[in-house]
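S.K.: Mind looking over this structure? Questions follow.
The values are calculated or read from the model by the stated rules, or taken from the named source; none is laboratory data. Keep in mind the model is a prediction, meaning the values are calculated, not measured. Heads up, the Cβs are rebuilt from the backbone with ideal geometry, glycines too, and the neighbour counts pull from every protein chain shown.
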């Protein structure tokens, strides 16, 4: 029997299918197990239960797991659950963990480097207009109550699944657009 080892693109494609709700996580795990003699190789990209992280799902709940580079979303009434691959900060120094909430939702957000980013990269522009192809925030952004921190899209899809950001959580544009439509102002967010 041939050993099935999906490449990064296949894994992210399967994760996107899972996030779209077209297959359940146990079915995905079973499909992988059936093609492989390796039985104890569970992915850290797995479905989670909201009750382990939140007291309720009022206004929805977003959990960002930095270690597994995954974002989990539960709707207010828990009828909708989504699991998305993400990019995460490059280092622990750039990573913020804890509780926050969505305070603003912006379509085609403009991007401005933070003062710290500008110190590290003085050649970067002061502003990239919203909707620009080279805009690091992609097509949508959920602004968090923490200054400079966002959950946003990206046009550079190579970043997803990697440590590649200066502090924000990056998503495929199509995924952040779906999340943007579901999240509300006041949606609780926990980064672990």
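S.K.: List the pairs whose first member sits in segment 73-96 and is on the phi > 0 side of the Ramachandran plot, whose second member is surrounded by 14 or more Cβ atoms within 10 Å (Cβ to Cβ) and not in a loop (DSSP other than H, G, I, E, B), and whose Cβ atoms are under 8 Å apart, counting only residues at least 6 apart or on separate chains?
M.R.: 78/50
S.K.: Please list, ordered by residue number, the strands (runs of 3 or more DSSP E) wholly in segment 121-184 having 1 or more residues that are at positive phi.
M.R.: none
The rows are residues; the columns are (1) modelled with pLDDT of 95 or more; (2) surrounded by fewer than 11 Cβ atoms within 10 Å (Cβ to Cβ); (3) under 24 Å from residue 163 (Cα atoms); (4) not assigned by TED's automatic domain parsing to the domain that holds residue 185.
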| residue | (1), (2), (3), (4) |
| --- | --- |
| 11 | no, no, yes, yes |
| 15 | no, no, yes, yes |
| 23 | no, no, no, yes |
| 69 | yes, no, yes, no |
| 73 | yes, no, yes, no |
| 79 | yes, yes, no, no |
| 84 | yes, no, yes, no |
| 93 | no, yes, yes, no |
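S.K.: I would also like to ask the following. Given 192, 169, which one is modelled with pLDDT of 95 or more, crowded, with 20+ Cβ neighbours inside 10 Å and touching a strand residue (DSSP E or B) at 6+ places or on another chain (Cβ under 8 Å)?
M.R.: Result: 169 is the single residue among 192, 169 that is modelled with pLDDT of 95 or more, crowded, with 20+ Cβ neighbours inside 10 Å and touching a strand residue (DSSP E or B) at 6+ places or on another chain (Cβ under 8 Å).
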